[in-house]
Amino acid sequence: MVESEGIAGIDQFDSPGKGRGLRVSRAYGVGELLFSCPAYSYVLSVNERGFICEQCFTRSDFSSSSFFFGHKKNWPMHKLECHAMCVFGENWCPSETVRLVARIIARLRHQRERSPSEKLLLLRDMEGHMDDMDNEKREMNEAHIAGLHHFYSKHLDFPDHQALLTLFSQIHCNGFTVEDEELSNLGLAVFPDIALLNHSCCPNVIVTYRGINAEVRAVQEIHPGQEIYTSYIDLLYPTEDRIERLRGVYYFSCDCKECKTKSMDMEKIKVRKLSDEIGQKEIRDMVRYAQNAMEDFRRLLEMCELSIDKMSPVFDDANIYVLHMMYQAMGICLFMENYDGAVRYGEKVMKPYTVLYPAFSLNIASMYLKMGRLYIALDRKSTGISALQKALAIMEVVHGKDHTYVTELKQEMRGE
């Protein structure tokens, strides 16, 4: 395999305490593209078939029966899944992870040189944290391997069991959920070079998607020699929650400035100002209740409202656990086409989001998009356009001014 050709302006180095990392060799301004990386392999979510092109992940008007045929170069992957689907019919139901690994195996069998996705890091060299996995994750990998054999054994030659365990572990740690401008899940992909980015809860770059390409853009000024940091997780939640998530999925604890100072934690778990002071035990009990409710509830509006009612005497409306419930309630209202209810919850979520998330956050942009479109649907056009303009200002930084999402939003705002 040929030697790495590298990426202009970007250096790989040993980051103290973090292993491999990336740093810049020149200055980058806010909104500037550092580099892009095509997906090594990817799968479209089954729910998006007929709406998104299977090959390039762009919106299309074609029918679901032709989601592959517009791109001859993807015939080998079409053949792989089509044969399996024909055999199993309606019983063909591998997980997205299994489908992705099947495609990776098929590609590895024929790959003879370094791919454009591996300018800095080969897929086989991605971290898998095999030694850090608990029994639950080991059992999950075994279940994935069983699914792979069940659905693809007649169409693929598999590597040995240990190699499969390693590959699934690597995908667990390095797989990316590809999202659109409203953060809806489009599919699953792997980008080896992007996997070199280390995490910080104070990120200086953001990863967004242009079709099947991941783009890394600056959301802070970055000076020569500085390391590039993205965020692996949702930054809304307080330090303890973030650390638990990072340990559970990525096997490390963050030591960034925000995790050390916990400067936003009090804002994120705001409590009511009452005549009788709320004790620490009561706060801890309510945090525990909120965490359990977030984990267990089944997106029922009644349960969201009951949870909000239960938490409201103690937690402020800007408390992130209340915000989570209100965001879920908004989603349920949208599903039920209760747009007035969706706006009511969205307005309660919007202002705290702008305080708790970084300025150039996809979460804030997606909320402005949702709210803008809701307002317009409810004949509140001027309010809707104002919200869309705020979304556009963020999107031009995180996606780039020439991105399809930006162009489409401008057309939408002009009524085209």
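Quick note: the coordinates plus some simple rules give every number you see, no bench work behind them. Computed from a prediction, not measured in an experiment: that's the story for all the values here. Neighbour counts run over all protein chains shown; Cβ positions are idealised from the backbone, glycine included.
Would you please give the residues with an amide H less than 5 Å from that of ASN198, counting only those at least 5 places away or on a separate chain, with H modeled from the backbone geometry?
LEU22, THR230
Only Cα pairs under 8 Å and at least 6 apart count here; give the relative contact order of the stretch 357-416 as a rounded whole percent.
30 percent
Give me the dipole magnitude in Debye, nearest 20, for the stretch 92-217 about the Cα centre, with unit charges on the beta carbon: positive for Lys and Arg, negative for Asp and Glu.
Roughly 600 debye for the stretch 92-217.
For the chain, give the magnitude of the charge dipole about the Cα centre (Cβ charges: +1 Lys/Arg, -1 Asp/Glu; no others), in debye to the nearest 20.
I would put it at about 620 debye.
For the chain, with the dipole built from +1 on Lys and Arg beta-carbon atoms and -1 on Asp and Glu ones, taken about the Cα centre, which of ILE332, ASN141, SER312 lies farthest toward the positive end?
ILE332
What does the charge dipole of the stretch 357-416 about its Cα centre add up to, to the nearest 20 debye, if the Cβ of each Lys and Arg holds +1 and the Cβ of each Asp and Glu holds -1?
Charge dipole, the stretch 357-416, about its Cα centre: 200 debye, nearest 20.
How far apart, in nanometres, would the label points at THR383 and SER153 be if each is projected 7 angstrom from Cα along the Cα-to-Cβ direction?
Label at THR383, label at SER153, 5.9 nm between them.
Grab the DSSP H runs of the chain that are 4 residues or longer, score each as -39,500 (n - 2.57), total them, divide by all residues and round the 222 nm result to the nearest 500 deg cm²/dmol.
Mean residue ellipticity, 222 nm, calculated: -14500 deg cm²/dmol.
From the backbone phi of the stretch 9-22, what are the Karplus-calculated ³J(HN,Hα) couplings (6.51 cos²θ - 1.76 cosθ + 1.60, θ = phi - 60°) in whole Hz, Gly and Pro given as x?
Computed from phi, the couplings for the stretch 9-22 are x, 10, 10, 8, 8, 8, 7, x, x, 10, x, 5, x, 10 Hz.
Charges on Cβ only, +1 for Lys and Arg, -1 for Asp and Glu, centred on the Cα centroid of the stretch 357-416; of THR383, MET367, MET395, which one is farthest towards the dipole's positive end?
THR383
With point charges of +1 on the Cβ of Lys and Arg and -1 on the Cβ of Asp and Glu, referenced to the Cα centre of the chain, which listed residue (ALA290, GLY415, PRO192) lies farthest in the positive direction of the dipole?
The Cα lying farthest towards the positive end belongs to GLY415.
Which aspartates and glutamates have a Cα lying under 15 Å from the Cα of LYS268, excluding residues fewer than 8 positions away in the same chain?
Result set, ordered by chain and number: ASP234, GLU240, ASP241, GLU258, ASP316, ASP317.
Give the shape of the chain as rounded, prolate or oblate, defined through the alpha-carbon gyration tensor: a ≥ b ≥ c are the square roots of its eigenvalues, a/c under 1.5 means rounded, and otherwise the shape is prolate if a/b is larger than b/c and oblate if not.
Note, shape of the chain comes out rounded.
Too long at a 28 Å Cα-Cα cut-off: which of LYS310/LYS351; LYS262/LYS401; LYS273/LYS348; LYS351/LYS410; LYS260/LYS401?
Pairs exceeding 28 Å: LYS262/LYS401; LYS260/LYS401.
What ³J(HN,Hα) values, in whole Hz, does the Karplus curve 6.51 cos²θ - 1.76 cosθ + 1.60 give for the stretch 96-103 when θ = phi - 60°, with x put for Gly and Pro?
3J(HN,Hα) across the stretch 96-103, in whole Hz: 4, 5, 5, 4, 5, 5, 4, 5.
For the stretch 130-141, what does the Karplus curve 6.51 cos²θ - 1.76 cosθ + 1.60, with θ = phi - 60°, yield as ³J(HN,Hα) per residue in whole Hz, taken in order and with x for Gly and Pro?
Karplus-based 3J(HN,Hα) across the stretch 130-141 equals 4, 6, 8, 6, 8, 4, 4, 6, 5, 5, 5, 5 Hz.
How big is the stretch 357-416 in terms of Cα radius of gyration and Dmax, in angstroms?
For the stretch 357-416, the Cα radius of gyration and maximum Cα-Cα distance read 10.9, 32 Å.
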